[in-house]
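Enquirer: Sharing a structure below in structure tokens format, with a few things to ask.
Any read-out appearing in this document is the output of simple, stated calculations on the displayed coordinates, not a laboratory observation. Remember, predicted model here, so these are calculated numbers, not experimental data. With ideal geometry, Cβ positions are generated from the backbone for all residues, glycine too; neighbour counts draw on all protein chains shown.
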Amino acid sequence: MSSCTPATLKFLFFLIFSFASLQTHADDTETQVWRFGLEEIDGSVQDVYAQEFKRLVESKSEGKIKVDIFSYGTLGESEDLTALTANGTLQLTHASTGILGDLISEIQVFTIPYLFSADDRINQQVLSTNKVIYEVIGDALIDKNLRLMTLYLEGEMVWSTNKLVRHPRDFGGFKMRVMNAPLIKQTYTLFGAEPIPLPYSQIYGALQTSIIDGQVNPLFAIEEMKFYEVTDYLIWAGQQRFTTSIIANQSWYLSLSKHEKEMLGEAFKHMSDYIYQHQIALNAAQLKKIRHYKPDMILVHLTQRERNRFKKLAAPVRKAYLEENGDKGKRLLLTLEEAFSGKQ
Ligand code: 6CS
């Protein structure tokens, strides 16, 4: 028999899932299956989120809804998960703003460096409740048959590198792996590095073979993806928080009953505090593990003066966001700047 191409396999998956979906919606008394995609592996922040979400929804629906979780690697990279959600194969997926920003320009607001408050309680509160976010980004997603359900923090982003970087000049000739959003690439160009967008699954090998000199992610990811094994420095430059979204298939969402929509809304509300606490604990625990397994890893916290040099260089990113995203983008950015400053 001739071998199946990945595209054929994907199509077959799609047919099977679509058929299963029709079965689950055929009769109200049958169990509905909600398929939920993850961009991260078992034990990650997204996995813990999905497990608790599953527990909540399945118990609240008294068995009428089953949540099936597809962890990283089972259905492809982040971009594939978004495409599978738009076409209805998945009902829900995680979509990091750093990757979704390549498709939805407005969501890149969360990739602007040094935008967030130093107080993550404020950041998490704004991400989960600010109405302007849900209006502006919600509108942009609807064109793709997607719906913004929630946003949350996964932790401070730390540079893990093979070279000490304290000053923008240290980024000369430095290849930094980044997520694919245009404004993230612009940021690292302005910092003086060469941004290299690569899928998450290729970072380890690219570090090992010196195709890249560093990458940037929260500590839990640096531990669970083993990036620390192939880098020497952990550098805190304070430039970014890792923000993820959960998006849904819009047609599916609209087909839900009022009761199901309310149940979903309550579940996301509950999850905001739950995951906030969890990601703090997980990031701290994973840093401990890294220090235990690699005692000679060098930990560097840039001083405020050093951070300010990077901050100054990144100023054009804000301007580029405003130019690209018109009045709606401006409204969103100004709202967030005010909210993150704690004035709202
Ligand atoms: O760097 C990335 O591509 C990824 N980082 C994390 C922590 N989650 C998913 C994302 O794809």
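Enquirer: Using a ≥ b ≥ c from the Cα gyration tensor of the stretch 214-344 (square roots of the eigenvalues), is it rounded, prolate or oblate, where a/c under 1.5 gives rounded and otherwise the larger of a/b and b/c decides, a/b for prolate? Let's see the in-between values first.
Expert: Numbers: a/c = 2.38, a/b = 1.30, b/c = 1.84.
Oblate, because a/c is 1.5 or more while a/b does not exceed b/c.
Enquirer: What spacing in nm lies between the two simple spin-label points modelled at ALA281 and LYS330, each 7 Å away from Cα in the Cβ direction?
Expert: My value for the distance between the label points is 4.5 nm.
Enquirer: I'd like the distance separating the alpha-carbon centroids of the stretch 157-172 and the stretch 50-73, in whole Å.
Expert: Cα centres, the stretch 157-172 to the stretch 50-73: 40 Å.
Enquirer: Can you list the trypsin sites (Lys or Arg not before Pro) in the stretch 309-344 that are in a DSSP coil and have 15 or fewer other beta carbons within 10 angstrom?
Expert: The qualifying sites are LYS343.
Enquirer: Taking the Cα centroid of the stretch 277-344 and of the stretch 84-154, what is the distance between the two, rounded to the nearest whole Å?
Expert: After rounding, the separation between the Cα centres reads 16 Å.
Enquirer: Within a Cβ distance under 15 Å of ALA181, other residues only, what is the Lys/Arg minus Asp/Glu net charge?
Expert: -2
Enquirer: On a full-extension model of 0.36 nm per residue, what is the gain between LYS64 and ASN87, subtracting their alpha-carbon distance, rounded to one decimal in nm?
Expert: Working it through step by step, the gained length comes to 5.9 nm.
Enquirer: Please identify the helices of the chain, taking whole runs of DSSP H, that span at least 15 Å along their own axis as judged from the Cα atoms and have a mean Kyte-Doolittle score of -0.5 or higher.
Expert: Qualifying helices: 6-25, 131-142.
Enquirer: Stokes-Einstein diffusion coefficient for the stretch 32-341 at 37 °C in a medium of 0.692 mPa s, Rh from the Kirkwood formula over Cα pairs: what value in µm²/s?
Expert: In µm²/s, the coefficient is 166.
Enquirer: Take peptides 247-258, 153-164 and line them up by average Cβ neighbours within 10 Å, highest first, as a rough protection proxy.
Expert: My ranking of the peptides, most packed first, is 153-164, 247-258.
Enquirer: Let me ask another. List, in the order given, every pair from LYS60/LYS289; LYS144/LYS258; LYS64/LYS144; LYS66/LYS269 whose Cα-Cα distance in the structure shown is over 31 Å.
Expert: Where the Cα-Cα span goes over 31 Å, the pairs concerned are LYS60/LYS289.
Enquirer: When a/c is below 1.5 the answer is rounded, else prolate if a/b is larger than b/c, else oblate, so apply that to the stretch 89-167 with a ≥ b ≥ c taken from the square roots of the Cα gyration tensor eigenvalues.
Expert: Working: a/c = 2.18, a/b = 1.58, b/c = 1.38.
Prolate, because a/c is 1.5 or more and a/b exceeds b/c.
Enquirer: To one decimal place, what Kirkwood hydrodynamic radius in Å is obtained for the stretch 147-285 from all pairs of distinct Cα atoms?
Expert: 16.8
Enquirer: Considering only the chain, what is the antiparallel percent among its DSSP beta bridges, to the nearest 5?
Expert: Close to 55 percent.
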